[in-house]
1. Tally the residues that are among the hydroxyl-bearing types (Ser, Thr, Tyr) and under 22 Å from A:ILE201 (Cα atoms), restricting the search to the stretch A:234-269.
2. I need a count of the residues in the stretch A:205-261 that are over 20 Å from A:ILE297 (Cβ atoms) and of a type in the set (Gly, Ala, Ser).
3. Quick check on A:VAL103: is it surrounded by fewer than 12 Cβ atoms within 10 Å (Cβ to Cβ), more than 30 Å from A:ALA28 (Cβ to Cβ) and of a type in the set (Val, Ile, Thr)?
4. Starting from residues that are within 7 Å of chain B (Cβ to nearest Cβ), without any contact (Cβ under 8 Å) to a residue 24 or more places away in the chain and under 13 Å from the mean Cα position of the chain (by Cα), keep the ones in the stretch A:16-71 and report whichever is farthest from A:GLN212 (Cα to Cα).
5. Among B:TYR47, B:TYR102, B:TYR68, which is surrounded by 19 or more Cβ atoms within 10 Å (Cβ to Cβ) and more than 26 Å from B:LEU15 (Cα to Cα)?
6. Condition first: under 18 Å from A:ALA208 (Cβ atoms), modelled with pLDDT of 90 or more and out of contact with any strand residue (DSSP E or B) (no Cβ under 9 Å at 6 or more places or on another chain). Can you find one or more residues in the stretch A:262-277 that meet it?
7. What residue, of B:LEU76, B:LEU94, B:LEU61, is under 18 Å from A:TYR147 (Cβ atoms) and under 21 Å from the mean Cα position of the chain (by Cα)?
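The values are calculated or read from the model by the stated rules, or taken from the named source; none is laboratory data. Source: prediction; values computed, not measured. Cβ atoms come from the backbone with ideal geometry, glycine included; neighbour counts cover every protein chain shown. Calculation scope for accessible area: heavy atoms of the full protein, side chains included, ligands and nucleic acids excluded. Shrake-Rupley method; radii C 1.70, N 1.55, O 1.52, S 1.80 Å.
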Amino acid sequence: MELLVDIALLSMLVATAVSLILVRGLVASIMLTSIYGLLSASFFVTMDAVDVAFTEAAVGAGVSPLLLLMTVALVGRVEQQPRKRHIAFPLLLVTVTGVLLIVGTLDMPPFGSADAPALQHVAPRYLQQSGEEIGIPNVVTSVLASYRAYDTLGEVLVIFTAGIAVILVLMLPGRRGSVPDDAGRQRPRNVVVNVVSKILIPFMLLFALYVQFHGEYGPGGGFQAGVIFASGIILYGLLYGLPSVCRVIPPPVVEALAALGVLLYALTGVLALLDGRPFLDYSVLATDPVTAQYLGITAIELGVGVTVASVIITIFYAFAAHLSEAQR
Amino acid sequence: MDIASYFNYWIVIVLMMLGFYIVIARGNLVKKLIGLNIFQTSVFILYISAGKVSDGAAPILTEGVSVYSNPLPHVLILTAIVVGIATTAVGLALVARIHEAYGTVEESQILEQDNAC
């Protein structure tokens, strides 16, 4: 049964990717991207990767198509027909590469085997001892926020840097920090969409907070909560326009929060340095090691959540401001 | 050889090549980024598939469960997805600026304009 679901989902993924090649026009492509994101999220659930599925559902099916749509609104939705001679060579290249890679897979351990090398190294230690050492049931959170907190700090910094890069690239000369004023020409909205979304938004934000603070016990954590929270705010922005959402959360506040999240994460690590311990050693936070882990993980997950949500909202603001400027 | 034991990996390669094809065969920069997205997600699927253990449970410690799927790929991919959307956003922002500078996002027209001057 599990295999059947697996095969069905993967076949639908391939079908979506093939239609992406066949389809002309960018808006249709973006809708297919969204479907692709939703399908891969479902696939991750069947692979027991519930935390990943959460993230992919919010990013792949929600935020990513939205950013693509906003870009298409800026650059136009028409896609040119490729010239004939441009098809043969790429086709040859991907066929050869694909065949070589498939030959390569034959050396891989069979799917699902419990004695695969990937499952032999540190994974058993995480599974067997994290319950005792960290004291929280979700092993993914233990690895992310404690055993591998260095890597996660690096990734949060990459996200933060990407947010800054988007602001810099899309910066409008002379209009930095000012909120575009297009309140006078609000488009008429669909009543059903408006009312339903208005009811949904508080629950989305509440759910994001639940995912944030329940991440130690169930699937969830800062990354997932950050994207879900940002989706709620972005939905509000889409419905009521950029000026309204900028009144709720002004852009300078979001930008400051993005930096504050990274600071909260890094300072939790520096706290250990001050006591003469290694960077990000949580044992400085409390005398009981398990309580210390709990406090440390909660603090850095909060930092991650705040940064991820702020960066994604900032990216949305940057694109939306650009768009309303272009429409003027 | 059991087909089911390699099915996931082969699908990953098919998806990866479909994404790769879009990246190299299409001239539209937005479409190229969509292709890159497909390629990226195929890598996610590869990692998550490699972490799956038959009859394993999601790696959330529960009484009475002894076999769990590998949590390590989950951690890597969970962060990679969010990093991926942030970097895609940078790419899209660059596309928007390219459109402002050249008036087009078709690769051939951009190259023509570059070669003209």
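1. The total comes to 3.
2. 9
3. It is true that A:VAL103 is surrounded by fewer than 12 Cβ atoms within 10 Å (Cβ to Cβ), more than 30 Å from A:ALA28 (Cβ to Cβ) and of a type in the set (Val, Ile, Thr).
4. The residue in question is A:GLU56.
5. After ruling out the rest, the residue left standing is B:TYR68.
6. yes
7. B:LEU76
Results for (1) open to solvent by 10 Å² or more (accessible area, probe 1.4 Å); (2) within 14 Å of another protein chain (Cβ to nearest Cβ); (3) more than 19 Å from A:LEU168 (Cα to Cα), shown as yes or no for each residue.
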residue	(1), (2), (3)
A:ILE228	yes, yes, yes
A:VAL248	yes, no, yes
A:LEU271	yes, no, yes
A:ALA318	yes, yes, no
A:GLN327	yes, yes, yes
